[in-house]
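Structure, as structure tokens:
The values are calculated or read from the model by the stated rules, or taken from the named source; none is laboratory data. Remember, predicted model here, so these are calculated numbers, not experimental data. Virtual Cβ from ideal backbone geometry, glycine too; neighbours counted across all protein chains shown.
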There are 2 protein chains.
Amino acid sequence: MLRLYDYLESGNGYKVRLLLHQLGIAFERVEVDILAGETRTPEFLRLNPNGRIPLLELPDGSRLAESNAILAYLAEGTPYLPDDRLARAQVLQWMFFEQYSHEPFIAVLRFWTFAGRLEANRAAVPEKRERGTAALRVMEQHLSEHPFFVGGAYTIADVALYAYTHVADEGGFDLSPFPALCAWLERVRGQPGNVPITWSGA
Amino acid sequence: MLRLYDYLESGNGYKVRLLLHQLGIAFERVEVDILAGETRTPEFLRLNPNGRIPLLELPDGSRLAESNAILAYLAEGTPYLPDDRLARAQVLQWMFFEQYSHEPFIAVLRFWTFAGRLEANRAAVPEKRERGTAALRVMEQHLSEHPFFVGGAYTIADVALYAYTHVADEGGFDLSPFPALCAWLERVRGQPGNVPITWSGA
């Protein structure tokens, strides 16, 4: 059985849980408490030297890190990752956009909020707010012309971008200026097998 | 012919130029001056709403952004991207590591240095230095046991990580504490078709 090292509040972990549920794949979940430093213990660093969850362990003991790489692995050969060469690369484009231009701002402000670290990082907040909002604008523009990110259908690009966007308000982002984005959130929420971020697989 | 919107000093642009040269694919290069704001003009934003180079334009007018997505597109079906499902995902894992845990620190300190913005961003430098060094440590650990990042052979994971690592000194990073990493840089430099970051394709 697959084993997922995970943290329930993590959007990056949620991406993987959500896709596993949509694919109907059973897995064992191991909770790793980020706030207690459990991703930086010698034991965990032996599993993932970069000290992060999610981390997927295969039945043969192989391990795969980076949420979006895990999505690509799991989605191979399914409708969630297109076969067409350009469409596949476009899925990757949006997943790299998510990790470079979206997550470091939108996810981090949410994390600082619930971890009580907003005040300690006060000087960095305005730039993160501005860059996170810029990412939402890029999404809004694309979604005002397309129902999903790639090829007119729900793919792992949508899974990756949904994870932190649908809880962006928890980091203080107001989504009401982005109607096309809000309509897309509803379309994603309506996909077969959608589960909330609090779903632990149990 | 492929058209590459690019900026010569960019390591992200260099990744694509290097792979195109190694694949023997001719391309037309369009220089876009980041420092002069040319990636944020209305004209360029129509090409890439996220306002970044590199951007690849295909003969049919389709466009692809995000350097590592472009690498994956170009490398499909070549030895630079393995066929094996897990190995492919491991290549993606290291490319996501590069964009999330490496580039925002190592590339950004180099950019601030040559753009004369180090002083203006002084408060953010220590954290970027620390996190960039942490990324180099993760690479060193992996490379002390493996000749290349995935599967014992040169892939686009190496292309992606070489681009900014081999010029990390330009951002003030000292690579001498990382001997396995330095030996890997030499192995990458010795690959057929390697060209320097100043190579413009002309």
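Points worth noting:
- Options A:LEU74, A:LEU64, A:LEU47, A:LEU56; residue that is buried (at least 20 other Cβ atoms within 10 Å of the Cβ) and in contact with a Lys or Arg (Cβ under 9 Å, 6 or more places away or on another chain): A:LEU56
- Residues (more than 9 Å from every other protein chain (Cβ to nearest Cβ) and either touching a residue at least 24 places away in the same chain (Cβ under 8 Å) or in contact with a helix residue (DSSP H, G or I) (Cβ under 7 Å, 6 or more places away or on another chain) (or both)) located in region A:45-55: A:LEU47, A:ASN48, A:ILE53, A:PRO54, A:LEU55
- Some residue of region A:35-49 being closer than 14 Å to B:TYR100 by Cβ and either modelled with pLDDT of 95 or more or among the charged types (D, E, K, R) (or both): yes
- Taking the criterion of being surrounded by fewer than 18 Cβ atoms within 10 Å (Cβ to Cβ) and in contact with a helix residue (DSSP H, G or I) (Cβ under 7 Å, 6 or more places away or on another chain), the only residue of region B:28-44 that qualifies is B:GLU38.
- Within region B:57-66, the set of residues being more than 8 Å from chain A (Cβ to nearest Cβ) and on the phi < 0 side of the Ramachandran plot comprises B:GLU57, B:PRO59, B:ASP60, B:ARG63.
- Of the criteria (1) at pLDDT 95 or above; (2) at negative phi, which one B:ALA124 fails: (1)
- Of all residues in region B:77-100 being more than 8 Å from chain A (Cβ to nearest Cβ), under 14 Å from A:TYR73 (Cα atoms) and charged (D, E, K, R), the one that is surrounded by the fewest Cβ atoms within 10 Å (Cβ to Cβ): B:ASP83
- Count - residues of region A:122-145 that are farther than 19 Å from A:TYR100 by Cβ and loosely packed, with under 13 Cβ neighbours inside 10 Å: 4
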